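Student: Structure provided below as structure tokens; questions to follow.
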Amino acid sequence: ELPGFYYDSEKNRYFRLLPGHNNYNPLTKESIQYKAMERERLRLLEEEEKQKKKTTRAGLNSSILLQKRQLGLLSSTSYCRLVHELKVNCMQRRKVEIHSPDSSVAGTNNFKIIVADAACERIFTVNDVEHGGCKYGIINLSGLGKDSLTVEMYDNLYFTNRKVNSVCWASLTHPDSHLCLMGIAETPGCASLLPASLFSSTNPGDRPGMLCSFTISTAWSCAWCLNPQADNCFSTGLTRRVLVTNVVTGHRQTFGTSSDVLAQQFATQTPVLYNGCRSGEIFSIDVRQRNRKGQSWKAIRLFHDSAVTSIRLLEAEHYLMAADMAGKIKLWDLRTAKCVKQYKGHHNEYAILPVHVNEEEGLLTAVGQDCYTRIWSLQDAHLLRTIPSPYPSSKDAIPSVVFSSRLGGSRGVPGLLMAVKQDLYHFSYN
């Protein structure tokens, strides 16, 4: 790189860069980088359209796998893992049609967040509205199994005034019966627990109201506890504190922290809450304890170099996946407090972006700030696939994704659902 110049690879020569100022300037480093990124995205999209799928591991195809399995060169677990890798590389993008009882819902507002319930039969959506604020809805995925690829979307127009930072499903009366919403109302902030039945076509006259709602300082994250020792509790990650609320009794516990809590998840085997902070610290809290003075209540403490944006506990709860704003994704062993794997290729500079772990398929999925969806092998951190966005990369076009072992319900096949702008796309095992 020469200061004040840029290199044009097509013309094989240097050109002078003009200083960036308010006038329109086609030659700045940002615009040149953007054009190069856009060329690469279009090239990848063209490859996907032509179905020129190349597996990222040499010699990985179905016939060789089957041959090795029959010869006893592959164990059943390795065979299953490699078959999943093969299937992931062959997934093709198909657009999903969204039908709605209210014609004003479909296709008018950009998707901001999509979050699937445990069975992956319903997806809660947060859509940006043109005049500010957000609109919430639930998409029923039961129609995904058919050839037509259509889904039903139900929205509720009573709760549309809040920008939402974080959403999680809550199991109060039955699995995934409610939704915790964390967001900014007017000022300061607001935490709400809504019944999922608000978003349905049945009994429109007999709809329950909001279960609980309270004003808080700016909320960044939320998590629901499924451990019976801390029943009916949800936590809220706030500016410099953590609030754990019992929605039935109204009892609250406050834990003061030295930094904003951007990511949270409860363990299921113990009533322990894991928190990821803006400072890069990850710590756990046992919510049964009484003493909350100082920082002595922090049990496990791990450290990243940048703000932690997402944490996911693996099923056995000995490992924790964490992503940060430097684009690093690390797998931590909670027993030794050491990083055991690092997943390279993720791109992030300042956004709060989630990671998704699917242990049944042995996959890790994350969307970067560059709008690419990347899928890694959990086993050896190998990057399996990079999926380009159908739209040019921008701040308001970062896709939100869900990967499920049974997309659309118990009879569904593994697949990826991607919401970007106002469109919904389905990538399925063929």
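Student: Which numbered condition trips up ILE300, out of (1) open to solvent by 70 Å² or more (accessible area, probe 1.4 Å); (2) at pLDDT below 90; (3) not basic (Lys, Arg)?
Tutor: With respect to (1) open to solvent by 70 Å² or more (accessible area, probe 1.4 Å); (2) at pLDDT below 90; (3) not basic (Lys, Arg), ILE300 is out only on (1).
Student: Condition first: open to solvent by 40 Å² or more (accessible area, probe 1.4 Å), in contact with a strand residue (DSSP E or B) (Cβ under 6 Å, 6 or more places away or on another chain) and on the phi < 0 side of the Ramachandran plot. Now tell me which residues in segment 320-345 satisfy that.
Tutor: Result: CYS339, VAL340, LYS341, GLN342.
Student: For segment 51-65, indicate whether the set of residues that are of a type in the set (Ser, Thr, Tyr) and at pLDDT 85 or above is non-empty.
Tutor: Narrowing segment 51-65 to residues of a type in the set (Ser, Thr, Tyr): 55-56, 62-63.
Now narrow it down to the ones that are at pLDDT 85 or above: none.
No; the residues of segment 51-65 include none that is of a type in the set (Ser, Thr, Tyr) and at pLDDT 85 or above.
Student: Filter segment 122-160 for residues that are among the charged types (D, E, K, R) and at pLDDT below 90; which is nearest to SER171 (Cα to Cα)? Show your work before the answer.
Tutor: Filtering segment 122-160 down to residues among the charged types (D, E, K, R) leaves 122, 128, 130, 135, 146-147, 152, 155.
Subset that is at pLDDT below 90: 128, 130, 135, 146-147, 152, 155.
Values: ASP128: 26, GLU130: 32, LYS135: 22, LYS146: 29, ASP147: 32, GLU152: 23, ASP155: 20 Å.
So, considering only residues that are among the charged types (D, E, K, R) and at pLDDT below 90, the one nearest to SER171 (Cα to Cα) is ASP155.
Student: For segment 306-317, name all the residues that are modelled with pLDDT under 95 and open to solvent by 70 Å² or more (accessible area, probe 1.4 Å).
Tutor: Residue satisfying the conditions is GLU315 alone.
Student: Something else now. Restricting attention to segment 69-80, and to residues there that are of a type outside the set (Ser, Thr, Tyr) and either modelled with pLDDT of 85 or more or in a loop (DSSP other than H, G, I, E, B) (or both), which single residue is least open to solvent (accessible area, probe 1.4 Å)?
Tutor: Here is the first cut: in segment 69-80, the residues of a type outside the set (Ser, Thr, Tyr) are 69-74, 80.
With the extra rule that they be either modelled with pLDDT of 85 or more or in a loop (DSSP other than H, G, I, E, B) (or both), the set shrinks to 70-74, 80.
Numbers: GLN70: 145, LEU71: 124, GLY72: 59, LEU73: 122, LEU74: 27, CYS80: 72 Å².
Taking the candidates together, the pick is LEU74.
Student: What single numbered condition from (1) farther than 24 Å from ASN165 by Cβ; (2) touching a helix residue (DSSP H, G or I) at 6+ places or on another chain (Cβ under 9 Å) fails to hold for GLY345?
Tutor: Here GLY345 meets the rest and fails (2).
Student: Among what's in segment 368-399 and is more than 19 Å from LYS328 (Cα to Cα) and hydroxyl-bearing (Ser, Thr, Tyr), pick the residue that is least open to solvent (accessible area, probe 1.4 Å).
Tutor: Filtering segment 368-399 for residues that are more than 19 Å from LYS328 (Cα to Cα) and hydroxyl-bearing (Ser, Thr, Tyr), the one least open to solvent (accessible area, probe 1.4 Å) comes out as SER389.
Student: Further question on the same structure: Can you name every residue in segment 201-220 that is modelled with pLDDT of 75 or more, out of contact with any Leu (no Cβ under 6 Å at 6 or more places or on another chain) and of a type in the set (Ser, Thr, Tyr)?
Tutor: Across segment 201-220, the qualifying residues are SER213, THR215, THR218.
Student: How many of the residues making up segment 16-33 are outside any loop (DSSP other than H, G, I, E, B) and either at pLDDT below 70 or over 24 Å from SER393 (Cβ atoms) (or both)? Reasoning before the result, please.
Tutor: Looking only at segment 16-33, we keep the residues that are outside any loop (DSSP other than H, G, I, E, B), and these are 16, 29-33.
Imposing the further condition that a residue be either at pLDDT below 70 or over 24 Å from SER393 (Cβ atoms) (or both) reduces the set to 16, 29.
Result for segment 16-33: 2.
Student: Could you figure out which of (1) surrounded by fewer than 19 Cβ atoms within 10 Å (Cβ to Cβ); (2) at pLDDT below 85 isn't true of GLU97?
Tutor: The number of the failed condition is (2).
Student: Conditions first: (1) modelled with pLDDT of 95 or more; (2) assigned to a loop (DSSP other than H, G, I, E, B). ARG406 passes all but one, so which condition is the exception?
Tutor: Only one criterion in (1) modelled with pLDDT of 95 or more; (2) assigned to a loop (DSSP other than H, G, I, E, B) is unmet by ARG406, namely (1).
Student: Sticking with this one: For segment 326-384, which strands (runs of 3 or more DSSP E) that fit wholly inside it have 1 or more residues that are without any contact (Cβ under 8 Å) to a residue 24 or more places away in the chain? Walk me through it before giving the result.
Tutor: Values: elements: 329-333, 338-343, 355-358, 363-367, 373-377.
Ranges flagged: 329-333, 338-343.
Student: So which of ASN358, ASN430 is at pLDDT 90 or above and either surrounded by fewer than 21 Cβ atoms within 10 Å (Cβ to Cβ) or of a type in the set (Ser, Thr, Tyr) (or both)? Break it down stepwise before answering.
Tutor: Values: ASN430 fails: at pLDDT 90 or above.
Just one listed residue meets the conditions, ASN358.
Student: Pairs under 6 Å by beta carbon, first residue over 14 Å from SER148 (Cα atoms) and touching a residue at least 24 places away in the same chain (Cβ under 8 Å) in segment 416-430, partner in a loop (DSSP other than H, G, I, E, B) and of a type in the set (Gly, Ala, Ser), six or more apart or different chains?
Tutor: What qualifies is VAL420/SER389; GLN422/GLY107.
Student: Let me ask something else about it. Please determine, by comparing only the residues of segment 266-289 that are of a type in the set (S, T, N, Q) and assigned to a loop (DSSP other than H, G, I, E, B), which one is surrounded by the most Cβ atoms within 10 Å (Cβ to Cβ). First the steps, then the outcome.
Tutor: Taking segment 266-289 first, the residues of a type in the set (S, T, N, Q) are 268-270, 275, 279, 284, 289.
Checking which are assigned to a loop (DSSP other than H, G, I, E, B) leaves us with 268-270, 279, 289.
Values: THR268: 14, GLN269: 11, THR270: 15, SER279: 17, GLN289: 13.
Applying the filter and picking the extreme gives SER279.
Student: In this structure, is SER410 small (Gly, Ala, Ser), at negative phi, out of contact with any His (no Cβ under 8 Å at 6 or more places or on another chain) and buried (at least 20 other Cβ atoms within 10 Å of the Cβ)?
Tutor: Details: small (Gly, Ala, Ser): yes; at negative phi: yes; out of contact with any His (no Cβ under 8 Å at 6 or more places or on another chain): yes; buried (at least 20 other Cβ atoms within 10 Å of the Cβ): no.
No; evaluated as a whole, the condition is false for this residue.
Student: Can you give me the ranges of the strands (runs of 3 or more DSSP E) entirely in segment 110-150 with at least 1 residues that are among the acidic types (Asp, Glu) and touching a Lys or Arg at 6+ places or on another chain (Cβ under 8 Å)?
Tutor: On the way: elements: 110-116, 122-128, 134-140.
Where strands (runs of 3 or more DSSP E) fall fully within segment 110-150 and carry at least 1 residues being among the acidic types (Asp, Glu) and touching a Lys or Arg at 6+ places or on another chain (Cβ under 8 Å), they are 122-128.
Student: If you don't mind, there's one more thing I want to ask. Collect the residues in segment 224-265 that are open to solvent by 10 Å² or more (accessible area, probe 1.4 Å) and within 21 Å of the chain's Cα centre (by Cα), keeping them in residue-number order.
Tutor: Passing the criteria: TRP224, LEU226, ASP260, GLN264, GLN265.
The values are calculated or read from the model by the stated rules, or taken from the named source; none is laboratory data. These numbers were taken from a predicted model, which means no experiment stands behind them. Neighbour counts run over all protein chains shown; Cβ positions are idealised from the backbone, glycine included. Please note that ligands, DNA and RNA were not included when accessible areas were found on the heavy atoms of the full protein model with its side chains. Shrake-Rupley method; radii C 1.70, N 1.55, O 1.52, S 1.80 Å.
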